[in-house]
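**Q** If you scroll down you'll find the structure; I have some questions about it.
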Amino acid sequence: MAKKPPSASQDVRKEWDHRAQGDWRRFLWAEASDSEESFRAAGKRDYRRHVQGFLATLGIVPQELTALEIGAGAGRVSEFLCRNFRGLVAVDISRAMMSIGRRRFEAENILWLCNDGKDLSALAGASVDFIFSHVVFQHIPDAAGAAAYVREAGRVPRPGGGVGFPVFER
């Protein structure tokens, strides 16, 4: 019987797992790839820039809430989400990148989940208060996969919750 070709999700997982073996910071955030300190500072800056202001605008106080980060990778922003939210579910397609995140910082309020890169079926509907994803969707190889993720992101927030997907102008 012929071997089934890998899916786009499997290809993406393989690529990111491979990147985790080398100069992983460069692949995640090139401007902050020279040291752990610059990588951490970039994560803190992006948390402040893309999360704090958004939460304030919505009137969301994170200390008693649970966040979901889609595409958490090595935890560049996760580190600051879990410091400010009661709990964080960090989802990524790459086990190797999440392993780096676990080594970079310890937190009792973070749950690391590996998925297929377009599905949040491990989470119940209306189970999180805030969803965040930063520069992740452009790595999804097809529009249908990205659309599936967005649909899933609409299923898991509790009523009154927020979704923050910063985008960049071209």
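**Q** Could you run through the range 112-150 and say how many residues are part of a strand (DSSP E or B) and touching a Leu at 6+ places or on another chain (Cβ under 7 Å)? Before you say what the answer is, go through the steps one by one.
**A** Residues of the range 112-150 that are part of a strand (DSSP E or B), as a first pass: 112-114, 128-132.
Remaining after also requiring touching a Leu at 6+ places or on another chain (Cβ under 7 Å): 128-132.
Within the range 112-150, residues that are part of a strand (DSSP E or B) and touching a Leu at 6+ places or on another chain (Cβ under 7 Å) number 5.
**Q** Further, regarding this structure: Here are some residues: Ala67, Ala90, Ala72, Ala153. Which one is assigned to a helix (DSSP H, G or I), of a type outside the set (D, E, K, R) and open to solvent by less than 30 Å² (accessible area, probe 1.4 Å)? If you could, list the steps in order and put the result at the bottom.
**A** Working: Ala67 fails: assigned to a helix (DSSP H, G or I); Ala90 fails: assigned to a helix (DSSP H, G or I); Ala72 fails: assigned to a helix (DSSP H, G or I).
On inspection, the qualifying residue turns out to be Ala153.
**Q** So, one more: Can you report the number of residues in the range 52-80 which are of a type in the set (A, V, I, L, M) and in contact with a helix residue (DSSP H, G or I) (Cβ under 7 Å, 6 or more places away or on another chain)? Can you show your working first?
**A** Kept after step one, since they are of a type in the set (A, V, I, L, M), are these residues of the range 52-80: 55-56, 58, 60-61, 65, 67-68, 70, 72, 74, 77.
Narrowing the set further to residues that are in contact with a helix residue (DSSP H, G or I) (Cβ under 7 Å, 6 or more places away or on another chain) leaves 55, 67, 70, 72, 74, 77.
Count: 6.
**Q** Considering every residue within the range 46-58, establish whether at least one is among the β-branched types (Val, Ile, Thr) and surrounded by fewer than 15 Cβ atoms within 10 Å (Cβ to Cβ).
**A** Our first condition is that a residue be among the β-branched types (Val, Ile, Thr); within the range 46-58, this holds for 51, 57.
Within this subset, residues satisfying the condition of being surrounded by fewer than 15 Cβ atoms within 10 Å (Cβ to Cβ) are 57.
Checked against the condition, which is being among the β-branched types (Val, Ile, Thr) and surrounded by fewer than 15 Cβ atoms within 10 Å (Cβ to Cβ), the range 46-58 yields at least one hit.
**Q** Out of all the residues in the range 1-37, which are of a type in the set (S, T, N, Q) and modelled with pLDDT of 75 or more?
**A** Taking the range 1-37 as the starting set, the residues that turn out to be of a type in the set (S, T, N, Q) are 7, 9-10, 21, 33, 35.
The answer is Ser9, Gln10, Gln21, Ser33, Ser35.
**Q** Now for a different question. Can you pull out the residues in the range 84-130 that are of a type in the set (Lys, Arg) and within 15 Å of the chain's Cα centre (by Cα)? Steps first, please.
**A** The initial filter retains those residues of the range 84-130 that are of a type in the set (Lys, Arg), namely 86, 95, 102-104, 118.
Scanning the range 84-130 gives Arg95, Arg102, Lys118.
**Q** Could you check how many residues of the range 25-41 are hydrophobic (A, V, I, L, M, F, W, C), crowded, with 19+ Cβ neighbours inside 10 Å, in a helix (DSSP H, G or I) and touching a helix residue (DSSP H, G or I) at 6+ places or on another chain (Cβ under 7 Å)? Don't jump to the end; show me each part of the working.
**A** Within the range 25-41, the subset hydrophobic (A, V, I, L, M, F, W, C) is 27-30, 32, 39, 41.
Next, only the ones that are crowded, with 19+ Cβ neighbours inside 10 Å stay: 28-29, 32, 39.
Those still in the list that are in a helix (DSSP H, G or I) too: 28, 32, 39.
So of that shortlist, the ones also touching a helix residue (DSSP H, G or I) at 6+ places or on another chain (Cβ under 7 Å) come out as 32, 39.
Qualifying residue count for the region: 2.
The values are calculated or read from the model by the stated rules, or taken from the named source; none is laboratory data. Note that the structure is a prediction, hence the values are computed from the model and not measured. Cβ coordinates were reconstructed from backbone atoms using ideal geometry, including for glycine residues, and neighbour counts include every protein chain displayed. Accessible surface is based on the protein model in full, side chains and every heavy atom, while ligands, DNA and RNA are left aside. Shrake-Rupley method; radii C 1.70, N 1.55, O 1.52, S 1.80 Å.
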